[in-house]
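Q: Have a look at the structure that comes next, please.
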Amino acid sequence: MARIRTIKPEFWDDEKMATIPRDARLLFIGLWNFSDDYGVVKGHPTWIKNKVFPYDDIKQSQFNEWLITLEKIRAIIAFDHNGEKFYYIRTFSDHQRVDKPSQTRNPEAPADILESNRSLFDEGSPNPPRGLPVVREGKGREGNSKGEYAASFLEFYEKYPKKEAKAEAAKVWNKVNPQNGLKEIILTAIEKQAKFKSHLKETDQFCPEWPNPATWLNQKRWEDEIPKVEESKWFKQPS
C-alpha cells in the first residue's frame, strides 16, 4: 500500500544525488511511497516500475540501470529474504518522520546492513546523517564536550596537515559521505598535495597555507590537479 511521504528542501542540494540521472532521482523519491514505514521496499524491478511509472513507456533494461545507479551510491541496499528481493532505503529516516509506524511491514534489513548504517553524531540535528561507523571520544584537551566522530573521518583528520574546526570538518565529511573508494582518493590527494607544497618550500617558491579541513572538503580540493613543477600555474614567486 502506497504511503504519503514528504520531500525536504535539502534533498535538491544533495551533491551525491546530483551525480545520477534525473529519472533515477525521481525513482528514489518514488521508492519512499512504496516502502514500509521502516524504509524497506519490495525489490522486484518490474513491480517497482509498474508502481512508480505506471503510464510511462520505459524499457525494463533502462529502469534496471536506474536501480543499479541508486545501489552504486548506496541510496538503496539490496537484500534477500526467503528467496525474495528487497531494498533497504539507507537514508529513509533522514527524509521521513513517521510518528506512528504501521505494524504491517516488510522483512527487516539484516543486522549487518543496519549496523553499517549507524548515525554520525550531528549536534543539534534531530535526524543526523547516516552511513558511517562512529567512534566515540571523551573530553579532549580543549575541554570540548563529549562528541562522536566517524572512524573514517578521524583517519582523514589525522592525515590532514591543518588541525582546526574539527567538529565542522566532521559535518562536511559526513555530507561528502566518501564511499566506493572516494576515501582513498581523498587521502591520496592529501599526500600528493603535501609533497608538492614541500617541494615548493624546499625550492624557495611561494607556498600558500592549507585551508581549514572543512573548507578543503567543501571545495572538493581532492580534485585539484598537481601541476608539473616546472610549469606551475598555481603557485608563483611573490613579486
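The values are calculated or read from the model by the stated rules, or taken from the named source; none is laboratory data. Model, not experiment: these values are computed from the prediction. Backbone-built Cβ (ideal geometry, glycine too); neighbour counts: all protein chains shown.
Q: Tell me the residue from PRO227, PRO211 that is in a loop (DSSP other than H, G, I, E, B) and modelled with pLDDT under 80, please. Outline the logic, then answer.
A: Details: PRO211 fails: modelled with pLDDT under 80.
Selected residue: PRO227, the only one of PRO227, PRO211 that is in a loop (DSSP other than H, G, I, E, B) and modelled with pLDDT under 80.
Q: Here are the criteria: (1) aromatic (Phe, Trp, Tyr); (2) crowded, with 20+ Cβ neighbours inside 10 Å; (3) over 27 Å from ASP112 (Cβ atoms). Tell me which single one TRP12 does not satisfy.
A: So the condition that TRP12 fails would be (2).
Q: A further question follows. Among the residues of segment 49-60, is there at least one that is among the aromatic types (Phe, Trp, Tyr), within 26 Å of ARG105 (Cβ to Cβ), surrounded by 12 or more Cβ atoms within 10 Å (Cβ to Cβ) and within 18 Å of the chain's Cα centre (by Cα)?
A: No, because not a single residue in segment 49-60 is among the aromatic types (Phe, Trp, Tyr), within 26 Å of ARG105 (Cβ to Cβ), surrounded by 12 or more Cβ atoms within 10 Å (Cβ to Cβ) and within 18 Å of the chain's Cα centre (by Cα).
Q: Within segment 69-89, can one find any residue that is among the small types (Gly, Ala, Ser) and buried (at least 19 other Cβ atoms within 10 Å of the Cβ)? Working first, answer last.
A: Of the residues in segment 69-89, the ones among the small types (Gly, Ala, Ser) are 75, 78, 83.
After this cut, where a residue has to be buried (at least 19 other Cβ atoms within 10 Å of the Cβ) as well, the list is 75.
The answer is yes; a qualifying residue exists.
Q: In segment 145-157, is there at least one residue being loosely packed, with under 11 Cβ neighbours inside 10 Å, closer than 28 Å to LYS220 by Cβ and modelled with pLDDT of 85 or more?
A: For segment 145-157, residues loosely packed, with under 11 Cβ neighbours inside 10 Å, closer than 28 Å to LYS220 by Cβ and modelled with pLDDT of 85 or more: absent.
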